[in-house]
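*Asks:* Sharing a structure with you now.
The values are calculated or read from the model by the stated rules, or taken from the named source; none is laboratory data. Quick caveat, the model's predicted, so the values are computed rather than measured. Note: ideal-geometry Cβ built from the backbone for every residue, glycine included; neighbour counts use all protein chains shown.
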Amino acid sequence: MAKEQYDFDLIILGSGGGGSVAAHIAITAGKRVAIVEPAEMGGECPNWGCVPTKALLHAAEIYDGAKHGQQFGIRSGALSYNYPLIKAWKDLAVYRTGTSQGKRLYESEGIKILSGMGQFIGPHTITVNRRHYSAEHFLVATGTHNFIPPIEGLDKTGYLTFREAINLTRPPKSIFVIGGGAIGCEFAELFSIFGTKVFIADVTARLLFKEDDEVSELVRDIFETQRGMTILTNTKVLKIVKEGIAKRVYFQQGSEVASVKVDEVLLAAGKMANVDIGLENAGVEYTPKGINVDEHLQTTAKHIYAAGDVVGPYMFTHMAIYQSRIAAHNMLHKQKLSVDYRAVPRCVFINPEIASVGLSENECIKRDLRIKQAIAPISIIGRSNTSNVDKGFVKVITDKSGVLIGASIVSPRAGEMIHELTLAIQYSLTAAEVASTIHAFPTWSEAVRIACNKVQRMS
């Protein structure tokens, strides 16, 4: 089929990070581009995910810091908060992303916006609001939706997801969080700072199960001792029943069944790929976990690519942006680029922050790798003294020759600190090379140098 017979050179399903970057690259290359978007422009991150949650957490961090200001000679006895104004701050942060003007901005570049749900009806054709559109190439970046676990009574009693939680006008007096991953931990932290009694449950043996054991243990200690949360690991939620205006959650740990009465239940039990878009009509193979792609992000239909959360293996905005860039290049050029996931930073924005990159120690053990690892507590560096923060560490992992392959940080500003180690892993630097690099005093990053120095001295 000749190119002129298609309505567009590229149709992108989804305007989030996985789709938007490719759209800009393709239109700059002179291609005819359309984006299909059934909801708000920009997707999950700026509207309901990264931006609003981090804006709320920033307000919480300021409030929490002020509450503990007396240790620095700052009086804060009459401190209070206005949660509707905190929500207004969050709304301002979302507004400033520009997503509300997204359609106008895209169209000013020459990108056509098709508002509605797109469905494949053939290899080169989709339908949106009963109109058919064809393209030479497609990029599927439809993202994910919340996984709703099959818990008895859940639908009748009602629940929150992160979409509803960011728009509350007051924090609940008590909340039961189902899921101990990044989303669950961030909301647990947020609400606990504003006085909510928090219960957080997960079916796995520890919070943040994909992180190193030391990370999970320290987070649990901070949540329990400093935040007053009740942590329920190895726990299965059995049912939820209405009890007046409250909810009673029944759960099982081992052979013991117990219950707790709370105002709200927050679901943070994972996400499912948005794949119900007629992919089988286009010859694209997929599972409930996502679309199958090769190292070039091509699906089983070679003219259709996929990027972002609908692909995985990491559900981060920065991963979606990276994949979108790779997919756009591969659609436009014969010389293909392959994805490289060796050095993907991941962050949890609680206080202190958590950041990690590369392989965890548990992953190394599963792969039967010979490794060296060392930990430097942040309490030994100067910045810890001047900030009066002593809980945290930097952990680095190298292969047997000293090349960095993994790292974990629990520290203030960990999200910024991790990029030094990300760069090191990406370019196969050794711990000795990082340790020999001058690090400014007094900074949190000195702990990176110390940890790398410790591991490179091991025989």
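*Asks:* Being out of contact with any Cys (no Cβ under 8 Å at 6 or more places or on another chain), surrounded by fewer than 17 Cβ atoms within 10 Å (Cβ to Cβ) and either of a type in the set (Gly, Ala, Ser) or under 20 Å from LEU218 (Cβ atoms) (or both): is that true of GLU416 here? If you could, list the steps in order and put the result at the bottom.
*Replies:* Values: out of contact with any Cys (no Cβ under 8 Å at 6 or more places or on another chain): yes; surrounded by fewer than 17 Cβ atoms within 10 Å (Cβ to Cβ): yes; either of a type in the set (Gly, Ala, Ser) or under 20 Å from LEU218 (Cβ atoms) (or both): yes.
Yes: the conditions hold for GLU416.
*Asks:* Moving on. Are there any pairs with C-beta distances below 6 angstrom linking a residue in the stretch 62-85 that is touching a residue at least 40 places away in the same chain (Cβ under 8 Å) and outside the structural domain of PRO172 (by TED's automatic domain parsing) to a residue that is surrounded by 10 or more Cβ atoms within 10 Å (Cβ to Cβ) and among the basic types (Lys, Arg), with the two at least 6 apart or on different chains, and if so which?
*Replies:* Close Cβ pairs satisfying both conditions: TYR83/ARG170.
*Asks:* Okay, next question. Residues in the stretch 142-151: is at least one within 27 Å of GLY392 (Cα to Cα), under 24 Å from the mean Cα position of the chain (by Cα) and without any contact (Cβ under 8 Å) to a residue 40 or more places away in the chain?
*Replies:* No.
*Asks:* Further question on the same structure: Looking only at the stretch 363-399, which residues are surrounded by 22 or more Cβ atoms within 10 Å (Cβ to Cβ) and either touching a Cys at 6+ places or on another chain (Cβ under 9 Å) or free of Cβ contacts under 8 Å to residues at least 60 places away in the same chain (or both)?
*Replies:* ALA376, VAL394, VAL396, ILE397, THR398
*Asks:* Going by the conditions given, is PHE223 surrounded by fewer than 17 Cβ atoms within 10 Å (Cβ to Cβ) and either touching a Gly at 6+ places or on another chain (Cβ under 8 Å) or part of a helix (DSSP H, G or I) (or both)?
*Replies:* Working: surrounded by fewer than 17 Cβ atoms within 10 Å (Cβ to Cβ): no; either touching a Gly at 6+ places or on another chain (Cβ under 8 Å) or part of a helix (DSSP H, G or I) (or both): yes.
Judged against the criteria, PHE223 is not a match.
*Asks:* Look through the stretch 133-169, keep the residues that are assigned to a strand (DSSP E or B) and charged (D, E, K, R), and return whichever of them is farthest from LYS289 (Cα to Cα).
*Replies:* Only one residue tops the list, namely GLU136.
*Asks:* What is the one condition in (1) under 22 Å from the mean Cα position of the chain (by Cα); (2) assigned to a loop (DSSP other than H, G, I, E, B) that PRO172 does not satisfy?
*Replies:* All conditions are met except number (1).
*Asks:* Would you check if there is a residue in the stretch 294-315 being of a type outside the set (Asp, Glu), touching a helix residue (DSSP H, G or I) at 6+ places or on another chain (Cβ under 9 Å), in a helix (DSSP H, G or I) and free of Cβ contacts under 8 Å to residues at least 24 places away in the same chain?
*Replies:* Looking through the stretch 294-315, none of the residues is of a type outside the set (Asp, Glu), touching a helix residue (DSSP H, G or I) at 6+ places or on another chain (Cβ under 9 Å), in a helix (DSSP H, G or I) and free of Cβ contacts under 8 Å to residues at least 24 places away in the same chain.
*Asks:* Any idea which of (1) over 24 Å from the mean Cα position of the chain (by Cα); (2) surrounded by 18 or more Cβ atoms within 10 Å (Cβ to Cβ); (3) of a type in the set (S, T, N, Q) is the one SER360 doesn't satisfy?
*Replies:* For SER360, the exception is condition (1).
*Asks:* Just to be sure I understand, how many residues within the stretch 17-30 are buried (at least 23 other Cβ atoms within 10 Å of the Cβ) and touching an Asp or Glu at 6+ places or on another chain (Cβ under 6 Å)?
*Replies:* Count: 0.
*Asks:* Only one of GLY49, GLY18 is in contact with a strand residue (DSSP E or B) (Cβ under 9 Å, 6 or more places away or on another chain), under 18 Å from LYS271 (Cβ atoms) and not β-branched (Val, Ile, Thr); which?
*Replies:* Working: GLY49 fails: in contact with a strand residue (DSSP E or B) (Cβ under 9 Å, 6 or more places away or on another chain).
On inspection, the qualifying residue turns out to be GLY18.
*Asks:* Scan the stretch 50-67 and give yes if some residue there is in a loop (DSSP other than H, G, I, E, B) and at pLDDT below 95, otherwise no. Lay out the reasoning, then the answer.
*Replies:* Here is the first cut: in the stretch 50-67, the residues in a loop (DSSP other than H, G, I, E, B) are none.
The answer is no; no qualifying residue exists.
*Asks:* Okay, moving on. Working only within the stretch 198-214, note down all residues that are without any contact (Cβ under 8 Å) to a residue 60 or more places away in the chain and surrounded by fewer than 23 Cβ atoms within 10 Å (Cβ to Cβ). Spell out how you get there, then give the answer.
*Replies:* Quick first cut of the stretch 198-214, residues without any contact (Cβ under 8 Å) to a residue 60 or more places away in the chain only: 198, 200-207, 209.
Correct list: VAL203, THR204, ALA205, ARG206, PHE209.
*Asks:* Sticking with this structure for a sec: Specify which of the listed residues (LYS372, LYS395) is over 18 Å from SER445 (Cα atoms) and either at pLDDT below 95 or in contact with a Ser or Thr (Cβ under 6 Å, 6 or more places away or on another chain) (or both). Write out each step before concluding.
*Replies:* Details: LYS395 fails: over 18 Å from SER445 (Cα atoms).
Of the residues listed, the single one that is over 18 Å from SER445 (Cα atoms) and either at pLDDT below 95 or in contact with a Ser or Thr (Cβ under 6 Å, 6 or more places away or on another chain) (or both) is LYS372.
*Asks:* Test GLY184 against the stated conditions and say whether it is in a loop (DSSP other than H, G, I, E, B), buried (at least 22 other Cβ atoms within 10 Å of the Cβ), out of contact with any helix residue (DSSP H, G or I) (no Cβ under 7 Å at 6 or more places or on another chain) and modelled with pLDDT of 95 or more. Give the steps one after another, and end with the answer.
*Replies:* Details: in a loop (DSSP other than H, G, I, E, B): no; buried (at least 22 other Cβ atoms within 10 Å of the Cβ): yes; out of contact with any helix residue (DSSP H, G or I) (no Cβ under 7 Å at 6 or more places or on another chain): yes; modelled with pLDDT of 95 or more: yes.
Criteria not met by GLY184.
*Asks:* In the stretch 369-459, which helices (runs of 4 or more DSSP H) lie fully inside it and hold 2 or more residues that are more than 21 Å from CYS347 (Cβ to Cβ)?
*Replies:* Working: elements: 382-387, 414-426, 431-435, 446-456.
Counting at least 2 such residues, we get 382-387, 431-435, 446-456.
*Asks:* So, in the stretch 266-292, of the ones that are within 21 Å of the chain's Cα centre (by Cα) and among the hydrophobic types (A, V, I, L, M, F, W, C), which residue ends up farthest from PHE138 (Cα to Cα)?
*Replies:* LEU266
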